[in-house]
Amino acid sequence: MAARTPHPAPAAADRAPGLRERKKQQTRDALVQAAHMLFLSQGFARTTVDEIASAVDVSQRTFFRYFANKDEVALAVMADAEDYFIECLRLRPAEEPPLQALRASIVQAWRDLGNAQAGGHGSISSALELLRIIEETPALLAAHLRRVTEQERLVVQVLAAREGLDPTRDLRPVVLAAVFGSLLRAAHLSWTAEQEPAGPEGMVAVIERHFDQLGPALAGHWRA
């Protein structure tokens, strides 16, 4: 995949990007913005790579330097957010319990990205608007779920490293990553159904509400 959109990194960058890197990033951002506008206005299936490229006044060849296909550009901002979440998780304090670290990391990721990219197409807010299209488009949903599976694998690795465990022998990182992934999936579906509360903070609220029910769902007496 092409270079990722810069995020409000948990740690300061070592150096500012050069002019060439900034121009490449601007082109990538413009392609994402154009793709989002077209997908939302006329649908994913009806939008062509040529239309996305033309909207940015670049060639189809240039488009393919940044993205392999329409699926990738549609999921670009969400993929960037997933990568940023993993980085946040790696940098959580070592003394935090694993579940607390996961919750803090996903909330930090949504809030940081929402603040850094507030407003406009190509932002995390416009990516949220695409969630319904993702759910309704089999090819996009398949690509998204592949990303989710890869993220779950990375969560297992990070949790195991934090706790000094071998996940092939101690299954707790595997089980917790699976529970966390399912919780996020449920939260995303819940938000997509109503798209309320709106925006990244709305998604944070929905995720927090699902986390609040995790303990009672796993260990509580449901009929009490």
* **Exposure rule at most 12 other beta-carbon atoms within 10 Å, DSSP loop trypsin sites (Lys or Arg not before Pro): the chain longest free segment** => 47-168
* Heavy-atom surface of the range 155-207, accessible at 1.4 Å and reported per residue (Å²) -> 48
* Asked: Which three semi-axes in whole Å describe the equivalent ellipsoid of the range 61-101, each the square root of 5 times a Cα gyration tensor eigenvalue, listed largest first?
  -> 33, 9, 5
* Descending semi-axes in whole angstrom, ellipsoid equivalent of the chain, from the Cα gyration tensor -> 32, 21, 16
* Normalised by the number of residues in the range 165-224, what is the relative contact order in percent for Cα pairs under 8 Å and 6+ residues apart? -> 25
* Asked: At a 1.4 Å probe, what is the % contribution of carbon and sulfur to the accessible area of the chain?
  -> 54
* Please compute P(r) over all alpha-carbon pairs of the range 179-224, binned at 5 Å starting from zero, and give each bin as a whole-number percent. => 5, 23, 28, 20, 14, 9, 2, 0
* To do: Can you tell me the 0 to 90 degree angle between the C-alpha axis of helix 199-212 and the longest principal axis of the chain, rounded to 10?
  => 20
* How high is the relative contact order of the chain, in percent, counting Cα pairs under 8 Å that sit 6 or more residues apart? -> 20
* Asked: Regarding the range 110-200, what are the three Cα extents along the principal axes, ordered largest first, in Å?
  -> 45, 30, 20
* Surrounding net charge for Cys88, when Lys and Arg each add one and Asp and Glu each subtract one, Cβ distance under 13 Å -> -1
* Structure fact -> Nearest 10, in degrees from 0 to 90: the angle of helix 172-194 to the longest Cα principal axis of the chain is 60
* Asked: Mind checking the dipole of the chain: about its Cα centre, +1 per Lys or Arg Cβ, -1 per Asp or Glu Cβ, Debye to the nearest 20?
  -> 440
* Roughly what angle does helix 138-163 make with the longest principal axis of the chain, taking Cα atoms, 0 to 90 degrees, to the nearest 10? -> 50
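The values are calculated or read from the model by the stated rules, or taken from the named source; none is laboratory data. The structure displayed is predicted, hence computed values, not measured ones. Cβ coordinates were reconstructed from backbone atoms using ideal geometry, including for glycine residues, and neighbour counts include every protein chain displayed. All accessible areas refer to the heavy atoms of the entire protein, side chains included, with ligands and DNA or RNA removed. Shrake-Rupley method; radii C 1.70, N 1.55, O 1.52, S 1.80 Å.
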